[in-house]
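Q: Structure incoming, see below.
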Amino acid sequence: MHKTLVLIPARMASTRLPGKPLADIHGEPMIVHVWRRGIEAQAGDVVVATDSEAVAAAVEKAGGRAVMTRGDHPSGSDRIFEALEALDPEHRVGVVVNVQGDLPTVPAADIHAARHLLRDEAVDIATLAAAIRDPRELTNPSVVKAHGRPVAPGRFRATTFTRADAKGAGPHYHHIGLYAYRRAALERFVKLPPSANEQHERLEQLRALDNGMRIDFAVVGTVPLGVDTPEDLEKARAMLAR
């Protein structure tokens with residue numbers, strides 16, 4: 001496996017939970033908990049990429065590493081590419097894992113599950129999904145559904161991602177927004193213009209599929225809690241209290 005860098009994009013702008021990366025969870029900012037999950041995975045160096053000096057300071061106070069990035073990036077993938085180029089101008093890193101900065105309970109095994117798919121040289125981008133068990137998720141546009149063709153037990157080659165209602169017999173899969181990129185694939189991806197499907201669905205991974213890039217997803221047991229609201233934050237506090 002190529003040298004891996006785990007990057008955690010974090011920005012302060014959040015409409016539903018202002019200052020989200022610095023939200024307190026048992027005496028530490030949420031972004032520090034996410035950084036710790038990355039460290040626990042032992043998949044490679046872990047760095048937070050942020051446009052906020054306060055976020056960088058919080059990570060560094062906890063003993064972590066942060067890199068400052070521009071504040072005008074349209075997506076986390078653009079932010080991590082800037083961070084990658086700044087951190088590794090010699091191009092020693094071959095694989096980049098993008099862990100969202102609002103996943104304080106993400107299991108280390110999930111990071112490895114995505115990274116492991118890149119052992120197949122045909123795969124450009126790897127991601128995760130979990131079987132939908134709650135019937136309400138089948139018609140919830142906030143739940144992104146992953147569709148694909150089976151490659152091996154617990155692994156699919158993605159054919160599309162959609163917010164539309166899941167139809168037909170299951171199982172249906174809830175996409176998890178954790179990605180592992182080959183470096184060349186990430187560089188190509190961020191330089192591509194948004195595709196029509198991407199803009200319609202508001203899902204940037206469709207840009208990769210629309211341009212012939214291969215995305216595989218591994219099926220994991222559960223969807224990690226993404227913290228988007230004050231209610232989610234309370235759930236995260238309860239989970240991490242255990």
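Q: Here's a check for you: in region 14-29, which residue that is charged (D, E, K, R) and at pLDDT below 95 is farthest from Gly76 (Cα to Cα)?
A: Ranking the qualifying residues of region 14-29, first place goes to Arg16.
Q: Of all residues in region 1-34 being hydrophobic (A, V, I, L, M, F, W, C) and without any contact (Cβ under 8 Å) to a residue 60 or more places away in the chain, which is nearest to Val96 (Cα to Cα)?
A: Val32
Q: Is one or more of the residues making up region 131-149 charged (D, E, K, R), within 28 Å of Leu240 (Cα to Cα) and in a strand (DSSP E or B)?
A: yes
Q: Output the residue which, of all residues in region 32-52 that are part of a strand (DSSP E or B) and of a type in the set (A, V, I, L, M), is surrounded by the fewest Cβ atoms within 10 Å (Cβ to Cβ).
A: If we take residues in region 32-52 being part of a strand (DSSP E or B) and of a type in the set (A, V, I, L, M), then Val47 is surrounded by the fewest Cβ atoms within 10 Å (Cβ to Cβ).
Q: Residue check: is Ser52 in contact (Cβ under 8 Å) with a residue 12 or more places away in the chain, out of contact with any strand residue (DSSP E or B) (no Cβ under 8 Å at 6 or more places or on another chain) and of a type in the set (Ser, Thr, Tyr)?
A: Taking the combined requirement at face value, the residue does not satisfy it.
Q: Within region 100-129, can you find the residues that are outside any loop (DSSP other than H, G, I, E, B) and crowded, with 18+ Cβ neighbours inside 10 Å?
A: Hits for region 100-129 are Asp110, Ile111, Ala113, Ala114, Arg115, Leu117, Ile125, Ala126, Thr127, Leu128, Ala129.
Q: With the structure loaded, tell me whether Asp216 is of a type outside the set (Gly, Ala, Ser), under 18 Å from the mean Cα position of the chain (by Cα) and modelled with pLDDT under 95 or whether it fails that test.
A: It is false that Asp216 is of a type outside the set (Gly, Ala, Ser), under 18 Å from the mean Cα position of the chain (by Cα) and modelled with pLDDT under 95.
Q: If you don't mind, there's one more thing I want to ask. Look through region 93-123, keep the residues that are under 15 Å from the mean Cα position of the chain (by Cα) and among the acidic types (Asp, Glu), and return whichever of them is farthest from Val190 (Cα to Cα).
A: Among residues in region 93-123 that are under 15 Å from the mean Cα position of the chain (by Cα) and among the acidic types (Asp, Glu), the one farthest from Val190 (Cα to Cα) is Asp110.
Q: Okay, moving on. Do we have Ala146 as among the small types (Gly, Ala, Ser), under 21 Å from Thr105 (Cα atoms), crowded, with 18+ Cβ neighbours inside 10 Å and in contact with a His (Cβ under 6 Å, 6 or more places away or on another chain) here?
A: The answer is no for Ala146.
Q: Taking the stated definitions as given, is Val67 free of Cβ contacts under 8 Å to residues at least 24 places away in the same chain, within 18 Å of Val190 (Cβ to Cβ) and surrounded by 14 or more Cβ atoms within 10 Å (Cβ to Cβ)?
A: Against the criterion (free of Cβ contacts under 8 Å to residues at least 24 places away in the same chain, within 18 Å of Val190 (Cβ to Cβ) and surrounded by 14 or more Cβ atoms within 10 Å (Cβ to Cβ)), Val67 qualifies.
Q: Can you find a residue in region 203-215 that is in a strand (DSSP E or B) and either among the aromatic types (Phe, Trp, Tyr) or closer than 18 Å to Asn98 by Cα (or both)?
A: Yes, region 203-215 contains a residue that is in a strand (DSSP E or B) and either among the aromatic types (Phe, Trp, Tyr) or closer than 18 Å to Asn98 by Cα (or both).
Q: What's the total number of residues in region 53-99 that are of a type in the set (Lys, Arg), within 16 Å of Trp35 (Cα to Cα) and part of a helix (DSSP H, G or I)?
A: The number of residues fulfilling the criteria is 1.
The values are calculated or read from the model by the stated rules, or taken from the named source; none is laboratory data. Worth saying up front: this structure is predicted, and the values here are computed from it rather than measured. Note that each Cβ is placed from the backbone with ideal geometry, even for glycine, and that neighbours are counted across all protein chains shown.
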